[in-house]
Amino acid sequence: MTQAELAEKADLNHDYIRQIESEKVANTFSVQTLYDISLALDVEVGLLFKLEK
């Protein structure tokens, strides 16, 4: 899924999705945004925090 597709599916701005991946905004988005992204990806919110080793 592209950033543009995720933005559309999560009803978020494409630029905002790009910013979330940057260090500048990475830690400043809301819980609601995180939830919306998890719904768009069809995953549980907790999986977005899972670190791969």
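Tabulated values for the structure
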{"read-out": "Complete set of residues in region 1-20 that are touching a residue at least 12 places away in the same chain (Cβ under 8 Å) and either open to solvent by less than 40 Å² (accessible area, probe 1.4 Å) or outside any helix (DSSP H, G or I) (or both)", "value": "M1, L6, A10, D11, L12, I17, I20"}
{"read-out": "Residues (open to solvent by 100 Å² or more (accessible area, probe 1.4 Å) and among the hydroxyl-bearing types (S, T, Y)) located in region 29-49", "value": "Y35"}
{"read-out": "Number of positions in region 21-53 that are assigned to a helix (DSSP H, G or I) and either in contact (Cβ under 8 Å) with a residue 40 or more places away in the chain or over 9 Å from the mean Cα position of the chain (by Cα) (or both)", "value": "8"}
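The values are calculated or read from the model by the stated rules, or taken from the named source; none is laboratory data. This structure is a prediction, so every number in the text was calculated from the model and none was measured. Ideal geometry is used to build each Cβ from the backbone, glycine not excepted, and the neighbour counts take in all protein chains shown. Each accessible area value is taken on the protein alone, full model and side chains, heavy atoms only, with ligands, DNA and RNA left out. Shrake-Rupley method; radii C 1.70, N 1.55, O 1.52, S 1.80 Å.
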